[in-house]
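What follows is calculated from the coordinates using simple rules that are stated; it is not laboratory data. Predicted, not measured: the structure shown is a model, and the values here were computed from it. Cβ placement follows ideal geometry from the backbone for every residue including glycine, while neighbour counts extend to all protein chains displayed.
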Amino acid sequence: MPKNWKHIYSGKVRDLYEVDAQTLALVASDRISAFDWVLPDTIEDKGKVLTQISKYWFDQFQATLPNHWLREREADEVPADLAKRTMLVKKVEIFPFEFIVRGYLAGSAWKSYQKGGKIGKDIILPYGLRWGQQLPEPQLTPTTKAREKGTHDEDIPWKTVVEALGVDKAQIIRAKILKLFNEAARRLEERGLILVDTKFELGEDETGQILLADEIFTPDSSRFWWRKDWEAFRKNGAVGELPPLDKQLVRDYLEKILKWDKKPPIPNLPSELINQTRATYLELFRAVTGKEPSI
């Protein structure tokens, strides 16, 4: 690491360094987490894929919602051995929420729907929906932002966001991220992909400008399916499983095969799954960008 970079925090995947008073370096490791725990294994090149796919999307949507990436400074300030997995970013005050948008019924939303016919804290859905079904319209389900190891994000009602950030700011955030989700889903549709759901993090700079932060539409923060697989699944009466193109591979192994109770000790992953996860992340990158990742 450059001598002037001061390590200030390590998250589940990213290591955070202070470059100067206004600038941070986000270095994406190859660590992988599941159910709010960091697993003992790593996925080779994962951090490079996450960084490069985020940069791709940040470029695509800069006009829709600006982001914290300081792209013009990286060539001069980031060492070559870190460049493929590092993003220089503007310091922003991150909002204490995660903004999850769901277009299809899967994951924790499906579990919640099965229990009470709703997703998030208070969004009631029509009766009789099935796993994998497209929602009538994308739904925004905010959560708290867990920081401590082993703690979990909790669903909150939208009014909690409004009370914390104010009506005007909350309305801007809602409109912008739903627009981002819909536009990304449309573009991915053209590439034969379905954007199932995704997570956004946002903050504001010293001027009050709202900025996208962290990562966007990556296989760590989102779920993806091939449309051809989804159409075959629906034609088959919604029976069976849809092959995930994201971290769900690991979640499914831990939850369905190992039946892990999500408490220490944290299990290792088999080498076959590690290799499959790496291949899946690379496959998604190629499908989304039409390019090869720089690894």
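Apply the Debye scattering formula to the chain, with a single equal point scatterer on each alpha-carbon and no solvent, then give log10 I(q)/I(0) at q = 0.10, 0.16 Å⁻¹. Reported log10 I(q)/I(0), two decimals: -0.55, -1.54. Average projection, convex hull of the Cα set of the range 1-88: 6.6 square nanometres. Between Y127 and N182, the C-beta separation translates, for a Förster distance of 35 Å, into a calculated FRET efficiency of about 0.85. Think of it as helices only: each DSSP H run of n ≥ 4 in the chain is worth -39500 (n - 2.57), and spread over all residues that comes to -10000 deg cm²/dmol at 222 nm.
Among K262, K3, the order by Cβ neighbours within 10 angstrom, fewest to most, reads K3, K262. For Cα pairs less than 8 Å apart in space and 6+ apart in sequence, what is the mean separation divided by the residue count of the chain, i.e. the relative contact order in percent? RCO, the chain: 20 percent.
Here the spin labels are modelled as points 7 Å beyond Cα on the Cα-Cβ line, and at R286 and Q22 they lie 4.1 nm apart. The relative contact order of the range 145-267 comes to 16 percent, based on Cα pairs under 8 Å that sit 6 or more residues apart. Cβ crowding within 10 Å, taken as a proxy for footprinting-reagent exposure, orders S222, S271 from fewest neighbours to most as S271, S222. Note on E74 and K115: their simple-model spin labels are 3.9 nm apart, each label 7 Å out from Cα toward Cβ. Considering the range 95-261, its Cα convex hull presents a mean projected area of 10.8 nm². Computed from label points 7 Å out along Cα-Cβ, the spacing between D153 and R234 is 2.6 nm.
For the range 191-295, the spherically averaged projection of the C-alpha convex hull amounts to 10.1 nm².
Considering only V162, L188, T144, the residue lying farthest towards the positive end of the dipole of the chain is L188, judged by Cα position with unit charges set on Cβ.
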